[in-house]
Amino acid sequence: MGSFSNNETITIRGCSSSSKELFEAIVKRHMKDAYFIALGLVGNHEDALELSQEAFFRAYRNIKQLSSEGKFFPWFYQILRNLCFSHLRKMKIRHAGSLDEFEEEKIQIESHDTFDPGVLAERNEDTDRVWKAIGKLDDKHREVIILRHFRNLSYEEISKILFCNPGTVTSRLYYARKRLKEMLESEKGGR
Amino acid sequence: MTCQNYKDLMMAYLDNEIGDEQRRAFREHLASCPRCAAELKEFEKLKRLTDGMTLLEPEDRIWEQYCGNVYNRVERGLAWIVFSVAAILLIIYGGFKLIEKIITDQAVGVLLKVALLALIIGLAILFVSVLRERLYFWKKDRYRDVRR
């Protein structure tokens, strides 16, 4: 990928003057990254498309908040991830509201049901299980798995868009993979 | 170094994000620690699985319509702002006209006119008070520029 590499500095001043062409160029440049990251975070095509487009709309509306030296993608990524996480939270609340307290297990199952293996290019039993397990991870752990495995970002690139140090990325990846491993093993044992 | 320290290196080793010296040190540790070696093997197995997974590319028409859909949102956002401003202005204008009619109407009793006046003054004080409070907190908010 590398479309938000270190060299990228979008000419934000031009964009603040609501230049349609410039913003269109930015959208075209980042739309695939935005869509695929949203897909990894929320797990299905419809929501990913909707949320990634909404993130661009909000970025357009708030572009003046970005400093002129600022890089577009790390800033935009914060908007996108906040939208995706709040979407998932709302869905969980909606599920919880419609079920009684004895159905907590059902809530767990339904919350990762939005992780549709149909979005995988090549499917088999193993990939379906891994995708479902990724859907069960905590938001911050799922996020690093998606950025590393599905967008092929380096630790440095991940740390830049998450505004953290590479050490945090390493430890999140460790716990994310450990949790994934545990889930896949327990599922295997349970069958 | 403890096994815990090597666990951080394990991810960097797995993802090829490690320098030569650290790689050498980590391999030496693996040779002497069967637990870490076994754990790495498990992680490698998982990585092979995830590396083999790719996400389905949507149809071309999705990308062709993508920018247009973002712009539709921008347009609709603007339309809502214009609509809301116009609706507020119309409501204020209508309200004033109605009040004017009631006040100048000789048939309406004084008590009703006074009550109406008190209602308007009350609403105006409330509006100014809320607006002043909002402005005060907005000015004092040290975190207003912090990215959320």
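Suppose R0 equals 35 Å; then what is the FRET efficiency for A:I93 and B:Q106 from their Cβ-Cβ distance, rounded to the nearest 0.05?
Numbers: r = 57 Å, r/R0 = 1.63.
The calculated FRET efficiency here is 0.05.
Any idea what the dipole of segment B:46-148 comes to, in debye rounded to 20, about its Cα centre with Lys/Arg Cβ at +1 and Asp/Glu Cβ at -1? Walk me through the numbers on the way to the answer.
Working: 16 positive and 11 negative charges, 133 e Å.
About 640 debye.
When Cβ neighbours within 10 Å are restricted to other protein chains, what is their mean count per residue of peptide A:167-175? Walk me through the intermediate numbers first.
Details: counts 2, 0, 4, 8, 3, 1, 8, 8, 2.
Mean number of neighbouring Cβ atoms from other chains: 4.
For B:L55, list long-range residues whose amide hydrogen, built 1.01 Å from N in the peptide plane, is under 5 Å from its own amide hydrogen.
Sorted by chain and number, the residues that satisfy this are A:A121.
What accessible area per residue comes out for segment B:1-68, rounded to a whole number of Å², with a 1.4 Å probe? If you can, show how the numbers build up before the last one.
Numbers: 4180 Å² over 68 residues.
Here the residues of segment B:1-68 average 62 Å² of exposed surface.
Based on Cα positions only, what radius of gyration and what Dmax would you give for segment A:116-191, in angstroms?
Rg and Dmax of segment A:116-191, Cα atoms, are 13.3, 41 Å.
How much accessible area is lost when chains A and B come together, counting both sides, with a 1.4 Å probe, in Å² rounded to the nearest 100? Walk me through the numbers on the way to the answer.
Numbers: alone 11060 and 13720 Å², together 20730 Å².
In total, this chain pair buries about 4000 Å².
To the nearest 0.05, how large is the calculated FRET efficiency for A:N165 and B:S32 if R₀ is 30 Å and r is the Cβ-Cβ distance? Please list the in-between numbers first.
Details: r = 29 Å, r/R0 = 0.97.
The formula returns an efficiency of 0.55 here.
Taking 19 Å as the cut-off for C-alpha to C-alpha distance, list the pairs among A:K90/A:K188; A:K132/B:K45; A:K92/A:K160; A:K181/B:K45 that go past it. Please report the intermediate quantities before stating the final value.
Numbers: A:K90/A:K188 31 Å; A:K132/B:K45 17 Å; A:K92/A:K160 29 Å; A:K181/B:K45 9 Å.
Long pairs (Cα-Cα over 19 Å): A:K90/A:K188; A:K92/A:K160.
How would you order A:80-91, B:81-92, B:29-40 from highest to lowest mean count of nearby Cβ atoms within 10 Å? Let's see the in-between values first.
Numbers: A:80-91: 17.2, B:81-92: 9.9, B:29-40: 13.9.
Peptide ranking by packing, descending: A:80-91, B:29-40, B:81-92.
Given a 1.4 angstrom probe, I'd like the percentage of the accessible area of chain B that is carbon and sulfur, rounded to a whole number. Mind dumping the intermediate values first?
Working: 7270 of 11560 Å².
In chain B, the share of accessible area belonging to carbon and sulfur is 63 percent.
The values are calculated or read from the model by the stated rules, or taken from the named source; none is laboratory data. Keep in mind it's a predicted model, so treat the numbers as computed, not measured. Please note: Cβ atoms are built from the backbone with ideal geometry, for glycine as well, and neighbour counts cover all protein chains shown. Surface areas here come from the heavy atoms of the whole protein model, side chains and all, with no ligands, DNA or RNA. Shrake-Rupley method; radii C 1.70, N 1.55, O 1.52, S 1.80 Å.
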